[in-house]
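Below is one structure, written out as structure tokens; comments come after it.
Values in this text are rule-based calculations from the coordinates and carry no lab data. The model shown is predicted, which means the values in this text are computed figures rather than measured ones. Every residue, glycine among them, receives a Cβ derived from its backbone with ideal geometry; neighbour counts consider all protein chains shown.
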Amino acid sequence: MSDIVVSGVCKQFDGREILHSLSFAVNSGDFLSITGESGSGKSTLLGIMGGVLRPDAGSVTVGGTDIASLSEKDLAKMRRTRLGFVYQFFNLIPTMTVKENILLPLVLDKKKPSDYKQKFDELVEFTRLGSVLDSYPDTLSGGEQQRAAILRALIHDPEVILLDEPTGNLDSENARAVMTLLSDLNKKYGVTIVQVTHSEQGAAYGNRVITIKDGALL
Ligand SMILES: Nc1ncnc2c1ncn2[C@@H]1O[C@H](COP(=O)(O)OP(=O)(O)OP(=O)(O)O)[C@@H](O)[C@H]1O
Ligand SMILES: [Mg+2]
């Protein structure tokens, strides 16, 4: 099954074409790396795949649903329930503890965190965050913050997690730890992963790599 199908996607900014008719599918259980030079359109493509940006032409389906057919409200709900997002700068909320941050997607979706206790405990163990759950994000190392952001993206059982340069702000040791975690999560839970990276080493953790150059796939 394909979790995300991108077909004929075009996007321009200020009359400059960034993506020219891109087509590919992300299959269930894939760990896809998207690479390309700075400015090649990687973040733009990820935004379109996650329903954050609209393409000028072409379509994106997530789990069989054409994103363009959704109202703003349904699109927001799809992003909240079926996708998980992780960014370069962790994006944890500084006034909430690590645990509160991780449970936030459930709270936003009016779900009871207690129903997710087993999953939460399992993921906390997997990400080795047990000792920092009651701490505030700014007291954590970068690697810990990014592991917390990944856990937050997974807590609500999304079909796909989308990551934009998840190790771009980490030293090489923490970057390796985060990539190993992603690879283990992909293998253990079969969660579909799409990551944007300009690191060759980072890209190699995926089971598939696509490269954008001059608006097209190499
Ligand atoms: N909202 C926008 N308005 C105008 N131009 C934009 C906008 N977003 C992106 N661009 C332009 O589109 C091009 C692709 O940007 P994008 O952020 O997708 O590149 P990227 O491959 O993610 O680069 P990087 O590796 O540096 O993050 C860039 O030239 C950028 O300036
Ligand atoms: Mg980018």
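Observations, loosely collected:
- Whole-Å distance, taken between Cα centres, linking region 127-168 and region 174-200: 12
- With the highest mean first, a sort of the peptides 69-75, 148-154, 19-25 on other beta-carbon atoms found within 10 angstrom per residue produces 148-154, 19-25, 69-75.
- Taking the longest Cα principal axis of the chain as reference, the axis of helix 98-108 is set at about 60 degrees.
- Fraction of beta bridges assigned by DSSP in region 2-217 that are antiparallel (%, nearest 5): 50
- Mean ellipticity per residue at 222 nm, deg cm²/dmol - from DSSP H runs of n ≥ 4 across the chain, formula -39500 (n - 2.57): -10500 deg cm²/dmol
- What you get for region 138-218, charging only the Cβ of Lys and Arg (+1) and of Asp and Glu (-1), is a dipole of about 280 debye around the Cα centre.
- Each of Gln201, Phe89, Gly215 was placed along the dipole of region 82-218 (beta-carbon charges, centred on the mean Cα), and the one lying farthest toward the positive end is Gly215.
- With Cα atoms, 0 to 90° folded angle of helix 117-127 axis to the chain main axis: 80
- Charge-dipole axis of region 59-147 as Lys and Arg at +1 and Asp and Glu at -1 on Cβ define it, positive-most pick from Phe120, Leu70, Val60: Leu70
- Cross-link reach list, aspartates and glutamates versus Lys77, counting only Cα pairs under 18 Å and skipping chain neighbours closer than eight places: Asp3, Asp66, Asp109, Asp157, Glu159
- When each of the peptides 105-111, 209-215, 79-85 is scored by how many other beta carbons lie within 10 Å of its residues on average, the order from highest to lowest is 79-85, 209-215, 105-111.
- Relative to the longest principal axis of the Cα atoms of the chain, helix 172-189 runs at roughly 90 degrees.
- Dividing the alpha-carbon radius of gyration of region 2-217 by the rule-of-thumb value 2.2 N^0.38 Å gives 1.00.
- About the centre of its Cα atoms, the chain shows a dipole size close to 460 debye [charges on the beta carbon of Lys, Arg (+1) and Asp, Glu (-1) only; nearest 20 debye].
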